[in-house]
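As structure tokens, the structure follows; a few thoughts come after it.
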Ligand code: NAD
Ligand code: MG
């Protein structure tokens, strides 16, 4: 029986994780759940999974959950509550699926407590990759990818040696605006940006897909997870999202993982690794599909991808600043305050004002994160 704490349980990854647990009650048990403000969904989850501990973002939300559930679940809140869920003594595995950089402290706490990590929260590695990977090594814990591209690469690396790898190739659907011109992008609305062609996901990552920042964050995530330099990490546009990513080896062999786009597959792989368990998901019918398409990414139309590569190569506090500026810019776009193209402009502006700290401590990273958020909130020139 694998006992699991799930951070971000009411979100898209969180609910898919619970569906995997439902399919394998004999293998997985929920110890802890943490979420932000979705009280109704949390109440349902507590009734169904009877966890030992639950945390909500605020005291008010925690009180509402407490009033509505029976049983012995301890219900707490805030950053401390989140860390309590992440480090609960009964959990051996922590699924990190909160959105954004607030996932970092909780993920670090879980690592320090010796929990195996199933990582969906890519912002954790973008913001603090150097420190997270060092701490994981020190604690002897595995960080298993849930992001579909990284799960694909991880699957293609099984039984192989990392020094035989020539490069990693991350596939990208291209998001909602794959074929749009810059003129069209300038007028893109919130609703259009939230309309992802292949995946149903949380709002923040869906906007990141539309700007292609998501792929940029994933390039940095891959750098940290697999320890390869940026010249060995490529991106290819693949509109169908059937090939989830590839590894090219020095002998010219390319290994890929394919499947219908269903996040339950990479979630379950992280939970069951190194085993594979059955999962009810539709089989991929290649003959019916007929053809798959690939083309190079367009760094001119999607400068966020370019900025992410550059920030990754610079290292230090720069990826932290990129990530924080992006989170704030996306929040401003979602709130209706700025245009779609203002997202990239805000990030570029904040990056241009940043002085990189090449070898930051954890406190330096938190400080860079705070600074970048403040700057990104202040950029007013582009507001519509
Ligand atoms: P989502 O918006 O659907 O869910 C976010 C979760 O975080 C919710 O449960 C929310 O309650 C919780 N949360 C927010 N603020 C919180 C707080 N202060 N304290 C505790 N919990 C809080 O997002 P998602 O799409 O599930 O994505 C989650 C993470 O997984 C992101 O980092 C995303 O990039 C990554 N990811 C998602 C997908 C996907 O298919 N959705 C795929 C790959 C990676
Ligand atoms: Mg992904």
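Values in this text are rule-based calculations from the coordinates and carry no lab data. Given the structure is predicted, the values throughout are model-derived calculations rather than measurements. A quick note on method: Cβ atoms are made from the backbone with ideal geometry, for glycine too, and the neighbour counts reach across all protein chains shown.
Observations
Yes/no per residue for (1) within 11 Å of ligand 2 (Cβ to nearest atom); (2) assigned to a loop (DSSP other than H, G, I, E, B); (3) at positive phi; (4) crowded, with 21+ Cβ neighbours inside 10 Å:
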| residue | (1), (2), (3), (4) |
| --- | --- |
| 192 | no, no, no, no |
| 197 | no, yes, no, no |
| 205 | yes, no, no, yes |
| 209 | yes, no, no, yes |
| 218 | yes, no, no, yes |
| 222 | yes, no, no, yes |
| 228 | no, yes, no, no |
| 234 | no, no, no, no |
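- Only one of the numbered conditions (1) farther than 15 Å from residue 266 by Cβ; (2) within 16 Å of ligand 2 (Cβ to nearest atom) is violated by residue 7, and that is (2).
- Strands (runs of 3 or more DSSP E) within the stretch 82-158 that include 1 or more residues away from ligand 2 (no atom under 16 Å from the Cβ): 93-96, 116-119
- Single residue of the stretch 24-54 satisfying the filter (within 16 Å of ligand 1 (Cβ to nearest atom) and part of a loop (DSSP other than H, G, I, E, B)) that is surrounded by the fewest Cβ atoms within 10 Å (Cβ to Cβ): 37
- Reported count of residues in the stretch 192-235, each being under 18 Å from residue 154 (Cβ atoms) and more than 14 Å from ligand 1 (Cβ to nearest atom), is 9.
Here's the yes/no breakdown for (1) in contact (Cβ under 8 Å) with a residue 60 or more places away in the chain; (2) in a loop (DSSP other than H, G, I, E, B):
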position: 291; (1), (2): no, yes
position: 301; (1), (2): yes, yes
position: 309; (1), (2): yes, no
position: 312; (1), (2): yes, no
position: 320; (1), (2): yes, no
position: 327; (1), (2): yes, no
position: 341; (1), (2): yes, no
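- Residues that are under 28 Å from residue 310 (Cβ atoms), away from ligand 1 (no atom under 16 Å from the Cβ) and touching a helix residue (DSSP H, G or I) at 6+ places or on another chain (Cβ under 9 Å) are absent from the stretch 266-280.
- Residue match in the stretch 164-178 (condition: within 16 Å of ligand 2 (Cβ to nearest atom) and part of a helix (DSSP H, G or I)): no
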